[in-house]
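Engineer: What follows is a single structure, and I will ask about it in a moment.
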Amino acid sequence: MCGIVGFTGREQAAPILLECLKKLEYRGYDSAGIAVRDSSLPVVIEKTTGKLKALSDRTHGGKALKGMSGIGHTRWATHGAPSVQNAHPHVSGGVRSTVTGVHNGIIENYAELKQKLTDNGYEFYSETDTEVLIKLVDYYYRKYRIGPIDAINRTMVRVKGSYAVALMFDDYPEEIYAARNDSPLVIGTTQDSSFLASDVSAILSRTRSFYYLGNLQAARLKKGKVEFFNLNGDRISIRKKTVDWETDSAEKHGYEHFMLKEIHEQPDVIRRMLDRYIEDEGICICDDQLDESFFQDLKQIIIVACGSAWHAGVAAQYMTEAVTDVPVRVELASEFRYRSMYACKECLFIVISQSGETADSLAALRKAKSLGIRTLAIVNVNGSSIANEADHVILTLAGPEISVATTKAYSAQLIALYLLVIQMAFIRGNLDAVMYSQMIGELKELPDKISSILSDKEKYQRLATVFSSRQDMFFIGRNMDYAICLEGSLKMKEISYIHSEAYAAGELKHGTISLIEDGTVVVGVITCPHIADKTLSNMIECKSRGARLITVTDLEDKGIESVCDYMIKIPSVNGLFMASLAVVPLQLLSYYTSLSRGLDVDKPRNLAKSVTVE
Ligand code: AGP
């Protein structure tokens, strides 16, 4: 996804903009640019394709550009190929451009607006929807001879789509303007500077005081002061929030990649979650509105998410239906948002999202609310759009997750779901006090058990070299093991670029087994004892067709070792929590496979950390 930054203060802006953009690199991009200005001079713009280093080299680390106000952008192309012409910032044109801007999002009616502007004498130099947006602001600003906020508001009324936009107006040299709809935008201040960015991590090293701009709201940033406006142009106030993440938690701490660091952070993240949500008298994970009577009356749960967050939901479905009498549906957010469905009023809609900004998940949440369903968000970013719009929120306390491939946030989502389900089951009488405290005890064993898996990384480095040349991999399992395979397969494909599929083991014979040939890698996850033999026989069927077998298991004496080529033995734990353990070897296997293929582990091609457009 694109990243936007802005600064106005009493220091040279360009080096600060480059520093902030670097913190947004993990979002994925193909070009970058900055625009700065001094009060007396016109805006100076520099843009390059490729990595941020090219822009930094071109501007001598920003020192070549003078000005104490500026905006910057990393572009993840949606309209128009990656090129300098299409890179942001974009301008309204003319001798001295009235308006200069950067944008994250998609303007859905840009073609219609482009025609309107062309009919009014505007010319276009790029293929982007952003240039249309900037010129539309300029159109209103000039036509109605109104101030920047009014021009922005008129634009927001006219535009359809998602945007987080930062603008500079030629007539207002020391101010930065911002507006948003659906795309994330956070504003930070210090005593004499103001910042804006697509997410907190970009400016966390500069300030801990943040304002989260709401949909269809605008802001005027001055040096150390911010004013907020609604669509009518009235001044409004927005509550200031502070973020307690350690500034250096978005650093690598000696690990080669953020992904490896975040894999190794998982034991501490789980400890932090358990410390926060388990008190002397038991689990305390919901706010007091999600009270006992709500859970006693609950008739259905719908879990909605994307990617790994959806995989956590699939694991939660197996667990919830194993310990409670509540039926659970798990839906992909991109499907849920467009399907018609019935939901009883005693339904709980759970949306899971690390970023809290995934467009499909946010749209699904809004749909659930329009259906009058009670909504709960499990998110990692406090103050994110999903966190702000859900009725209830559980924070996953994983800290900033920089690597595009999620690991610690996925694990934290699982813990939040375990705690929620155990508390629900206890309230509904599905669990007695003994089982309740026993399950809490088993959760507390997870961090040390994960640490024991992490201590044997050499095994995964060796395995990765064996498999890194493969073109196809299959991950198979049943029940909770299938849910684990979903996540293991996504990890592998998204960072190693090896084609990989997760399959319910029993489903292989219905077509997919025709793909198994000599050397195909099949990873079997076998932790459910009551169906272990079934999965093992599916693996043997693959082996008899030439497959190489890797098995992840905690089971003893099931004849697994004699069948598979490589067995990864993990500690045992209550099968309901097994996803938290079995996923770790699959994370490590993917990481080292990507490494052995010489790929950019933290920033895989084509991917973004948060998909804020649909
Ligand atoms: C997982 O490694 C990917 N980064 C991706 O599938 C991600 O889980 C998905 O885009 C959902 O993101 P969210 O949790 O921020 O909503």
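The values are calculated or read from the model by the stated rules, or taken from the named source; none is laboratory data. The structure displayed is predicted, hence computed values, not measured ones. For neighbour counting, all protein chains shown are included, and Cβ atoms are generated from backbone atoms with ideal geometry for every residue, glycine included. For accessibility, only protein heavy atoms count, side chains too; no ligands or nucleic acids. Shrake-Rupley method; radii C 1.70, N 1.55, O 1.52, S 1.80 Å.
Engineer: Scan the range 150-159 and tell me whether some residue there is in a strand (DSSP E or B) and not polar (S, T, N, Q).
Structural biologist: no
Engineer: Residue under question is Glu556, and the condition is that it be surrounded by fewer than 19 Cβ atoms within 10 Å (Cβ to Cβ), in contact (Cβ under 8 Å) with a residue 12 or more places away in the chain and not in a strand (DSSP E or B); does it hold?
Structural biologist: In short, no.
Engineer: Here is a list of conditions, (1) within 16 Å of the ligand (Cβ to nearest atom); (2) touching a helix residue (DSSP H, G or I) at 6+ places or on another chain (Cβ under 6 Å); (3) without any contact (Cβ under 8 Å) to a residue 40 or more places away in the chain, and Glu331 meets all of them except one; can you say which number that is?
Structural biologist: (2)
Engineer: Out of (1) open to solvent by less than 50 Å² (accessible area, probe 1.4 Å); (2) under 29 Å from the mean Cα position of the chain (by Cα), what's the single condition that is false for Gln461?
Structural biologist: Here Gln461 meets the rest and fails (1).
Engineer: Test Leu515 against the stated conditions and say whether it is open to solvent by 20 Å² or more (accessible area, probe 1.4 Å) and closer than 23 Å to Met319 by Cβ.
Structural biologist: no
Engineer: Taking the residues in the range 58-83 that are among the hydrophobic types (A, V, I, L, M, F, W, C) and under 23 Å from the mean Cα position of the chain (by Cα) as candidates, determine which candidate is surrounded by the most Cβ atoms within 10 Å (Cβ to Cβ).
Structural biologist: Trp76
Engineer: Kindly list, by first and then second residue, each pair from a residue in the range 506-528 that is on the phi < 0 side of the Ramachandran plot to a residue that is assigned to a helix (DSSP H, G or I) and basic (Lys, Arg), limited to pairs with Cβ atoms under 7 Å and residues at least 6 apart or on different chains.
Structural biologist: So the pair list comes out as Gly506/Lys534.
Engineer: While we're here: Let me spell it out: the conditions are (1) without any contact (Cβ under 8 Å) to a residue 60 or more places away in the chain; (2) under 19 Å from the mean Cα position of the chain (by Cα), and Cys306 meets all of them except one. Which number is the exception?
Structural biologist: (1)
Engineer: When you look at Leu486, is it in contact with a Gly (Cβ under 7 Å, 6 or more places away or on another chain) and part of a helix (DSSP H, G or I), yes or no?
Structural biologist: So Leu486 fails the test.
Engineer: Something else now. What is the residue count in the range 337-354 for residues that are within 14 Å of the ligand (Cβ to nearest atom) and at pLDDT below 95?
Structural biologist: Qualifying residue count for the region: 1.
Engineer: If you go through the range 401-412 one residue at a time, how many are within 10 Å of the ligand (Cβ to nearest atom), open to solvent by less than 10 Å² (accessible area, probe 1.4 Å) and of a type in the set (S, T, N, Q)?
Structural biologist: Residues in the range 401-412 being within 10 Å of the ligand (Cβ to nearest atom), open to solvent by less than 10 Å² (accessible area, probe 1.4 Å) and of a type in the set (S, T, N, Q): 2 in total.
Engineer: So is Ala398 within 15 Å of the ligand (Cβ to nearest atom), surrounded by 24 or more Cβ atoms within 10 Å (Cβ to Cβ) and part of a helix (DSSP H, G or I) or not?
Structural biologist: So Ala398 does not fit the description; no.
Engineer: For the range 432-470, which residues satisfy the criterion of being farther than 22 Å from Leu274 by Cα and assigned to a helix (DSSP H, G or I)?
Structural biologist: Lys457, Glu458, Lys459, Tyr460, Gln461, Arg462, Leu463, Ala464, Thr465, Val466, Phe467
Engineer: Right, something else. In the range 27-42, what count of residues is obtained for those that are of a type outside the set (D, E, K, R), closer than 30 Å to Thr358 by Cα and surrounded by 23 or more Cβ atoms within 10 Å (Cβ to Cβ)?
Structural biologist: Total satisfying the criteria: 6.
Engineer: Out of curiosity, is Ile394 in contact (Cβ under 8 Å) with a residue 60 or more places away in the chain, closer than 30 Å to Val521 by Cβ and among the aliphatic types (A, V, I, L, M)?
Structural biologist: No, not satisfied.
Engineer: Also: Count, please, the residues in the range 403-431 that happen to be part of a loop (DSSP other than H, G, I, E, B) and either under 15 Å from Val326 (Cα atoms) or of a type in the set (Gly, Ala, Ser) (or both).
Structural biologist: The total comes to 6.
Engineer: Given the condition without any contact (Cβ under 8 Å) to a residue 60 or more places away in the chain, surrounded by 19 or more Cβ atoms within 10 Å (Cβ to Cβ) and not in a loop (DSSP other than H, G, I, E, B), answer yes or no: does some residue in the range 100-107 qualify?
Structural biologist: Yes, some residue in the range 100-107 is without any contact (Cβ under 8 Å) to a residue 60 or more places away in the chain, surrounded by 19 or more Cβ atoms within 10 Å (Cβ to Cβ) and not in a loop (DSSP other than H, G, I, E, B).
Engineer: Further question: Restricted to the range 430-458, and to residues that are touching a helix residue (DSSP H, G or I) at 6+ places or on another chain (Cβ under 9 Å) and either of a type in the set (Ser, Thr, Tyr) or closer than 20 Å to Ala547 by Cβ (or both), which residue is least open to solvent (accessible area, probe 1.4 Å)?
Structural biologist: Per the criteria, the residue is Tyr436.
Engineer: When residues of the range 556-614 are filtered for being within 16 Å of the ligand (Cβ to nearest atom), of a type in the set (Lys, Arg) and farther than 23 Å from Ala416 by Cβ, how many remain?
Structural biologist: Within the range 556-614, residues that are within 16 Å of the ligand (Cβ to nearest atom), of a type in the set (Lys, Arg) and farther than 23 Å from Ala416 by Cβ number 2.
Engineer: How about the range 215-325: which helices (runs of 4 or more DSSP H) wholly inside it have at least 3 residues that are surrounded by fewer than 14 Cβ atoms within 10 Å (Cβ to Cβ) and away from the ligand (no atom under 16 Å from the Cβ)?
Structural biologist: Per the criteria, 292-297.
Engineer: A follow-up question, please. Which of (1) under 30 Å from Ala405 (Cβ atoms); (2) over 23 Å from the mean Cα position of the chain (by Cα) does Pro173 not meet, given it meets every other one?
Structural biologist: (1)
Engineer: If you scan the range 329-378, which residues turn out to be open to solvent by 10 Å² or more (accessible area, probe 1.4 Å) and aliphatic (A, V, I, L, M)?
Structural biologist: Within the range 329-378, Val330, Leu332, Met341, Ala343, Ala359, Ala363, Leu371 meet the criteria.
Engineer: Go through the range 43-54 residue by residue and tally those that are among the aliphatic types (A, V, I, L, M), open to solvent by 50 Å² or more (accessible area, probe 1.4 Å) and in contact with a Ser or Thr (Cβ under 9 Å, 6 or more places away or on another chain).
Structural biologist: Final tally of qualifying residues: 1.
Engineer: Another question about this same structure. With the requirement that a residue be over 32 Å from the mean Cα position of the chain (by Cα), aliphatic (A, V, I, L, M) and open to solvent by less than 10 Å² (accessible area, probe 1.4 Å), what does the range 520-544 give you?
Structural biologist: Ala532, Met539 - these are the residues of the range 520-544 that are over 32 Å from the mean Cα position of the chain (by Cα), aliphatic (A, V, I, L, M) and open to solvent by less than 10 Å² (accessible area, probe 1.4 Å).
Engineer: Name the residue, out of Val421, Val393, Val381, that is farther than 25 Å from Gly161 by Cα, buried (at least 24 other Cβ atoms within 10 Å of the Cβ) and hydrophobic (A, V, I, L, M, F, W, C).
Structural biologist: Val421
Engineer: Would you please name the residue that is surrounded by the fewest Cβ atoms within 10 Å (Cβ to Cβ), looking only at residues in the range 559-570 that are at pLDDT below 95 and part of a loop (DSSP other than H, G, I, E, B)?
Structural biologist: Only one residue tops the list, namely Gly559.
Engineer: Another question, if that's okay. Looking only at the range 356-382, count how many residues are in contact with a Phe, Trp or Tyr (Cβ under 6 Å, 6 or more places away or on another chain) and more than 14 Å from the ligand (Cβ to nearest atom).
Structural biologist: Number of matching residues: 3.
Engineer: So, in the range 491-544, how many residues would count as being in a loop (DSSP other than H, G, I, E, B), touching a strand residue (DSSP E or B) at 6+ places or on another chain (Cβ under 7 Å) and within 16 Å of the ligand (Cβ to nearest atom)?
Structural biologist: 1
Engineer: Regarding Ala547, is this residue over 23 Å from Ile453 (Cα atoms), away from the ligand (no atom under 16 Å from the Cβ) and either open to solvent by 20 Å² or more (accessible area, probe 1.4 Å) or polar (S, T, N, Q) (or both)?
Structural biologist: Spelling it out, it is not the case that Ala547 is over 23 Å from Ile453 (Cα atoms), away from the ligand (no atom under 16 Å from the Cβ) and either open to solvent by 20 Å² or more (accessible area, probe 1.4 Å) or polar (S, T, N, Q) (or both).
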